[in-house]
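Just below is one structure, and these are the notes that go with it.
Values in this text are rule-based calculations from the coordinates and carry no lab data. Bear in mind the structure is a predicted one, so any value in this text is a computation, not a measurement. Cβ placement follows ideal geometry from the backbone for every residue including glycine, while neighbour counts extend to all protein chains displayed.
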Amino acid sequence: MDRREVAAVIAYVGRLDPRTIRTDAGEARDQLAMWHELLGDVPMATGQGWDVRDVVRKRIVASPYPILPADVAREWNAHYRDRLVRHTDPTPMANPDDPLAWRAELVATRDAVATGRIAPSPHRGVTAGGPHPGLEKTLKAVGVYVPDAVRAELAPFRPARAAREAVIAAGGPDIFCVPCETCRAPKGEPCRERSGGGVRNRNTKPRIEPHPTRVEDALAAQPQAVPA
């Protein structure tokens, strides 16, 4: 607030609490200087739920003591922090290869949120709606997550996954869609060599070939083709 706005706030306070009125010119000047020193960075009102008149009115009603400019400043700081806590930085439109522009846009957005010029950007929740309209187009442009050439190069380093992908590509069942009753491997993980007592142990070596019982369970879980 500038000095004129602070003077308007002091006049509003005086109407609600006459004890704060200063009739001496020197005292009024000192009062204005003190209030402006503490409230110079506090806005009069914003479009996002802040109005200094509401703060003054609530404070006068709640406390029997004369209101001080520090009371208003503390309320603004709490309002400021609350807005930043509820804000999640959206991805800047600036080029990420330009760190100065990237940071400047983040700082400007946070300042706009804190000062009430724009609303906080909350976390995006998971909804039951369909995929984003542009997702399919993006996937087509990017392609598969792991290209076939890279997948082939990685096959020697992850033989169990390569064997699983080969079976699926040949039209067979996904063996990892069911847990293994032999080694207790959960869904999505390869079978492992059995440890003592038959209890699964993550420290044991993974098997390239799944246990026969898991293959049988996967075959039984595979949907049967409906005859034409």
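List of remarks:
- Taking 0.692 mPa s as the viscosity and 37 °C as the temperature, the Stokes-Einstein diffusion coefficient of the chain based on its alpha-carbon Kirkwood radius rounds to 131 µm²/s.
- Whole-angstrom gap from the stretch 157-183 to the stretch 1-62, using each part's C-alpha centre: 72 Å
- Hypothetical label at residue 24: residues of the stretch 55-91 whose amide nitrogen lies under 12 Å (7 Å Cα-Cβ projection): none
- Environment charge at residue 71 (Cβ cut-off 11 Å; Lys +1, Arg +1, Asp -1, Glu -1): +2
- Candidates 136, 37, 181, ranked by Gaussian network fluctuation over the chain, Cα under 10 Å, top entry: 181
- Only Cα pairs under 8 Å and 6+ residues apart enter the sum, and on that basis the relative contact order of the chain stands at 11 percent.
- Taking every alpha-carbon pair under 8 Å whose residues sit at least 6 apart, the stretch 1-113 reaches a relative contact order of 22 percent.
- Globularity index of the stretch 148-221, i.e. its alpha-carbon radius of gyration over 2.2 N^0.38 Å: 1.11
- Excluding same-chain neighbours fewer than eight residues apart, the aspartates and glutamates reachable from residue 187 by a Cα-Cα span under 18 Å are 165, 174, 209, 216, 217.
- Residue with peak Gaussian network fluctuation, the chain [Cα springs, cutoff 10 Å], from 94, 152, 70: 152
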